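Visitor: The structure follows.
The values are calculated or read from the model by the stated rules, or taken from the named source; none is laboratory data. Remember, it's a predicted structure, so these values are computed and weren't measured experimentally. Cβ placement follows ideal geometry from the backbone for every residue including glycine, while neighbour counts extend to all protein chains displayed. Surface areas here come from the heavy atoms of the whole protein model, side chains and all, with no ligands, DNA or RNA. Shrake-Rupley method; radii C 1.70, N 1.55, O 1.52, S 1.80 Å.
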Amino acid sequence: MRRLADLQADFAAALNDPALPAPADVRRQVKLPQSRRFDVYRNNMMVSLIEVLEATFPVVQRLVGSDFFKAAAKVYIRQAPPRSPVLLLYGETFGDFLDGFEPAAGVPYLGDVARLEWARVNAYHAADAEPLTIEHLAAVPQAQLAQTHFTLHPSLRLVSSRFPVASLWAATSGADPQAEVDMKRGEDAAVLRPMLAVDLRLLPPGGHAFMAALAGGHPLGEAADLAARAVEDFDLACHLQGLFQLGAVAALQPPEPIQEQA
Amino acid sequence: MAVSAEIPARAGVGLKAQHYDAILGSRPDVGWFEVHAENYMGAGGPPHHYLEAIRRDYPISLHGVGLSIGAERPLDEDHLARLKALNARYQPGLVSEHLAWSTHNDVFFNDLLPLPYTGEAVERVSDHIDRLQEVLDRRILLENPSTYVAFESSEMSELDFLQAVSLRSGCGLLLDVNNVLVSATNQGYSAEAYIDAFPMALVGEIHLGGHARDRDDAGQPLLIDAHDRRIDDKVWTLYARAIARAGVKPTLIEWDNNLPGWRELFAEARTADRLMSAQDALRRDRRKGLEAGHATVG
C-alpha cells in the first residue's frame, strides 16, 4: 500500500507550489471550498520560516526594511527550504543568496552583513569551552613556542569583507550607534562567544591572517610568518595579547609536554 | 540535577528564552516547565546554560515538534540520536510528540501536517512510536492535533485512531484541549462530545493554549492554533470538563508567539492551578459524602 506515501507527496507538492490546488483527497472531503483551509498550512510554513530568518538576520532586516526582507526571505525559502528539523542554524546560505538577489543589487554589502549575522548565531549555539589566559602561554618554554599548536575557541568565526561590515553591524544593530562607517574601507572581524555573550571584534591588519593560520592548524611560528607576509609590520606580541584577551584560545599543544614551572 | 524528574499534577509553563531571567530571578511557584526539544539541539551556549540552571529547581518535560512521526518514510535516526542525548542530559519527567508529519523528501516544513485516519497510518505511526520508545527506553505521549482539513480517505475517527495507536505502541496520550476546540470547530463536530469520549486513562498531560479566529472561503469559522494570546474561555470550560473526568493532570500553558511578560504567563498557570484545586476539593467532598452516606446507612 502506497496511499499514505502518495498523499504526503501530493500534500508536500502543493505546499511547495502555491499555484497547485490542494491535494484531491483534501478537496473532496468537505462540500465547502477548501483552498483557504489548505492555505493555513502554506501560511504556517512560510510565516514561521520567515520568522526564523528575521530572528537570525535582524540587521539585514533593518537595512532593507521589513517588507523587502519578507519578500527576499520568501524567495530564499522556496529556493533553499530547511533540510533539518533543527532550525537554530537555518539560513547558512542566506548571505550567498542575497549576493545574487537582483532586487538587492543596490546594497552590495548585504550578503556580508548576513554572513556576519549567521556567524553570530552560529557562535551563540557553538560548543562551550573555558578560554585560556595568556599565563598559559607564558608557561610554555620559549624554545617550544614556535612549534606550539593553538586550539581556538569552538565559537570563533572569522569574517572578512571588502565593506566595513562590523561597523555597519554595530551602527545598525544599536550595539554602537555612534560607530563610524567608512564605506571605502573593508573590515575583518572576529565573532566569538567565550562565555554567554557573543562578542564582535574588529581585527587589526594581519589579525585575520594570523587567526586563520592558527585555526588552519599551523603552529605559532608558521602562523606568525604567514601573517607577516600579509602585513609589513606584524607585531606578534601585540596580536597574541589580543587573541588571549578576546578569549579566543581554548587549548595549547606544545610539541612536548609542558614542564610544570614553580 | 537537584529536584526529582517527576512532573506533578500541577500547571507548568512552556519555557521561552525571553523569560529565563525572570524565572531564575524570582523562582516562581510553577510546578514544571516544558521545552521544545529542537530549541536545545545546539552544541552549547546560553540555551543549555539556562536550561541546566532551571532544571536544578524544576522538573522538565521534553516536547518534540520536529520528529515527523506521521511521515510515511522512516524516522530520521540523527534526530532520534539528538532526542536521546537531550533525554539523557535533562532527565525529563515526560516526553511527548505530535500526531502529525512535517518532513517530506528531506524538506522540513516547520508545521504539524495532518494525517488521514487509516489503518495504514495507524501502522506507520505505531511503528515510529515503537522506534522512538525503543531509542529513549521510555513511554512517550502522543498529542492530538489541530487540523484545518480532513481527508476523503479517512476510515475512522481521530479518537479511534489515537486509541488504536496507543493500543499498538503502548504510548500514552497528551490531550491538547485547545486543539480539540480548534479541530472540532474546523471539522464541524462537538468538542464536548470529543472530551467526553477521550480515553482519559491514557492521558499523561494536558495542553492549553490560545487560538486565532478566521473564516474559510464559505464564511464558516476557522480557528487557527496560533499560541499567540491568552487561553479562550471556551478552552477553560472544556478543560474543567476534561479534568472532571480525568482527575487533575500535569497541565501546560503554551504561549509561543507574540509573547507576554512573565507575569501574564504566570497568571494563566495560576488559573489552571486554581481549577485543579477546585476539582480536587470537589472529588474529596464527593468521597467524604459517599463515606458519610455509607456510615449513616451502615
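Visitor: Scan the stretch B:194-210 and give yes if some residue there is open to solvent by less than 10 Å² (accessible area, probe 1.4 Å), within 26 Å of residue A:26 (Cβ to Cβ), within 12 Å of another protein chain (Cβ to nearest Cβ) and at pLDDT 95 or above, otherwise no.
Guide: For the stretch B:194-210, residues open to solvent by less than 10 Å² (accessible area, probe 1.4 Å), within 26 Å of residue A:26 (Cβ to Cβ), within 12 Å of another protein chain (Cβ to nearest Cβ) and at pLDDT 95 or above: absent.
Visitor: Right, next: Filter the stretch A:170-192 down to the residues that are closer than 22 Å to residue A:121 by Cβ, more than 16 Å from the chain's Cα centre (by Cα) and of a type in the set (Gly, Ala, Ser) and list them by number.
Guide: Listed by number, the residues that qualify are A:171, A:174, A:175, A:179.
Visitor: Tell me which residues, restricted to the stretch A:126-175, are among the charged types (D, E, K, R) and closer than 18 Å to residue A:210 by Cβ. Spell out the reasoning first.
Guide: First, pick out the residues of the stretch A:126-175 that are among the charged types (D, E, K, R): A:128, A:130, A:135, A:157, A:162.
Correct list: A:157 only.
Visitor: Evaluate the following for residue A:215: is it among the small types (Gly, Ala, Ser), within 24 Å of residue A:138 (Cβ to Cβ), under 24 Å from the mean Cα position of the chain (by Cα) and open to solvent by less than 20 Å² (accessible area, probe 1.4 Å)? Write out each step before concluding.
Guide: Details: among the small types (Gly, Ala, Ser): yes; within 24 Å of residue A:138 (Cβ to Cβ): yes; under 24 Å from the mean Cα position of the chain (by Cα): yes; open to solvent by less than 20 Å² (accessible area, probe 1.4 Å): no.
In short, no.
Visitor: I want to confirm something. Restricting to the stretch B:86-135 and keeping residues that are of a type in the set (D, E, K, R) and over 28 Å from residue A:39 (Cβ atoms), which single residue is surrounded by the fewest Cβ atoms within 10 Å (Cβ to Cβ)?
Guide: Initially, the stretch B:86-135 is screened for residues of a type in the set (D, E, K, R), giving B:89, B:97, B:106, B:111, B:120, B:123-124, B:127, B:130-131, B:134.
If we keep only those that are over 28 Å from residue A:39 (Cβ atoms) too, we end up with B:89, B:123, B:127, B:130-131, B:134.
Working: B:89: 14, B:123: 15, B:127: 15, B:130: 14, B:131: 17, B:134: 10.
Ranking the qualifying residues of the stretch B:86-135, first place goes to B:134.
Visitor: Applying the selection to the stretch B:40-67, what residues are more than 10 Å from every other protein chain (Cβ to nearest Cβ), without any contact (Cβ under 8 Å) to a residue 40 or more places away in the chain, assigned to a helix (DSSP H, G or I) and open to solvent by less than 20 Å² (accessible area, probe 1.4 Å)?
Guide: Those that are more than 10 Å from every other protein chain (Cβ to nearest Cβ), without any contact (Cβ under 8 Å) to a residue 40 or more places away in the chain, assigned to a helix (DSSP H, G or I) and open to solvent by less than 20 Å² (accessible area, probe 1.4 Å): B:51, B:53, B:54.
Visitor: Moving to a separate point now. Report yes if residue B:162 is within 21 Å of residue B:115 (Cα to Cα) and either open to solvent by 10 Å² or more (accessible area, probe 1.4 Å) or aromatic (Phe, Trp, Tyr) (or both), otherwise no. If you could, list the steps in order and put the result at the bottom.
Guide: Working: within 21 Å of residue B:115 (Cα to Cα): yes; either open to solvent by 10 Å² or more (accessible area, probe 1.4 Å) or aromatic (Phe, Trp, Tyr) (or both): no.
No: the conditions fail for residue B:162.
Visitor: Starting from residues that are within 14 Å of chain B (Cβ to nearest Cβ) and polar (S, T, N, Q), keep the ones in the stretch A:122-171 and report whichever is surrounded by the fewest Cβ atoms within 10 Å (Cβ to Cβ). First the steps, then the outcome.
Guide: Taking the stretch A:122-171 as the starting set, the residues that turn out to be within 14 Å of chain B (Cβ to nearest Cβ) are A:122-131, A:153-157.
Those still in the list that are polar (S, T, N, Q) too: A:122, A:155.
Working: A:122: 22, A:155: 29.
For the stretch A:122-171, the residue satisfying everything is A:122.
Visitor: Within the stretch B:14-39, count every residue that is in a helix (DSSP H, G or I) and either in contact with a Ser or Thr (Cβ under 7 Å, 6 or more places away or on another chain) or of a type in the set (D, E, K, R) (or both).
Guide: Filtering the stretch B:14-39 down to residues in a helix (DSSP H, G or I) leaves B:17-26, B:37-39.
Right, trim to either in contact with a Ser or Thr (Cβ under 7 Å, 6 or more places away or on another chain) or of a type in the set (D, E, K, R) (or both) and you get B:21, B:38.
Within the stretch B:14-39, residues that are in a helix (DSSP H, G or I) and either in contact with a Ser or Thr (Cβ under 7 Å, 6 or more places away or on another chain) or of a type in the set (D, E, K, R) (or both) number 2.
Visitor: Please tell me if residue A:37 is open to solvent by less than 30 Å² (accessible area, probe 1.4 Å), within 14 Å of chain B (Cβ to nearest Cβ), part of a helix (DSSP H, G or I) and in contact with a helix residue (DSSP H, G or I) (Cβ under 8 Å, 6 or more places away or on another chain). Quick ask: steps written out before the conclusion?
Guide: Details: open to solvent by less than 30 Å² (accessible area, probe 1.4 Å): yes; within 14 Å of chain B (Cβ to nearest Cβ): yes; part of a helix (DSSP H, G or I): yes; in contact with a helix residue (DSSP H, G or I) (Cβ under 8 Å, 6 or more places away or on another chain): yes.
Considered against the rule, which asks whether it is open to solvent by less than 30 Å² (accessible area, probe 1.4 Å), within 14 Å of chain B (Cβ to nearest Cβ), part of a helix (DSSP H, G or I) and in contact with a helix residue (DSSP H, G or I) (Cβ under 8 Å, 6 or more places away or on another chain), residue A:37 comes out as yes.
Visitor: Can I ask one more? Can you find even one residue in the stretch A:95-109 that is closer than 24 Å to residue B:40 by Cα, touching a helix residue (DSSP H, G or I) at 6+ places or on another chain (Cβ under 9 Å) and either within 14 Å of another protein chain (Cβ to nearest Cβ) or among the hydrophobic types (A, V, I, L, M, F, W, C) (or both)?
Guide: Here is the first cut: in the stretch A:95-109, the residues closer than 24 Å to residue B:40 by Cα are none.
Within the stretch A:95-109, not a single residue is closer than 24 Å to residue B:40 by Cα, touching a helix residue (DSSP H, G or I) at 6+ places or on another chain (Cβ under 9 Å) and either within 14 Å of another protein chain (Cβ to nearest Cβ) or among the hydrophobic types (A, V, I, L, M, F, W, C) (or both).
Visitor: Same structure, new question: Just to verify a result, which residue in the stretch B:68-79, among those that are within 11 Å of chain A (Cβ to nearest Cβ) and assigned to a helix (DSSP H, G or I), is nearest to residue B:52 (Cα to Cα)?
Guide: Within the stretch B:68-79, the match that is nearest to residue B:52 (Cα to Cα) is B:79.
Visitor: Could I ask something else about it? Among the residues of the stretch A:72-96, what is the count of those that are over 27 Å from residue B:101 (Cα atoms) and surrounded by fewer than 20 Cβ atoms within 10 Å (Cβ to Cβ)?
Guide: Of the residues in that region, 1 qualify.
Visitor: Return yes or no: is residue B:82 part of a loop (DSSP other than H, G, I, E, B), open to solvent by 40 Å² or more (accessible area, probe 1.4 Å) and within 11 Å of chain A (Cβ to nearest Cβ)? Let's see the steps before the verdict.
Guide: Working: part of a loop (DSSP other than H, G, I, E, B): no; open to solvent by 40 Å² or more (accessible area, probe 1.4 Å): yes; within 11 Å of chain A (Cβ to nearest Cβ): yes.
So residue B:82 does not fit the description; no.
Visitor: The conditions are (1) more than 13 Å from chain A (Cβ to nearest Cβ); (2) surrounded by 17 or more Cβ atoms within 10 Å (Cβ to Cβ); (3) in contact with an Asp or Glu (Cβ under 8 Å, 6 or more places away or on another chain); (4) farther than 23 Å from residue B:80 by Cβ, and residue B:16 fails exactly one of them. Which is it?
Guide: (1)
Visitor: Also: Residue A:195 is checked against (1) within 20 Å of the chain's Cα centre (by Cα); (2) modelled with pLDDT of 95 or more and fails just one. What number does that condition carry?
Guide: Evaluating residue A:195 over (1) within 20 Å of the chain's Cα centre (by Cα); (2) modelled with pLDDT of 95 or more leaves (2) as the failure.
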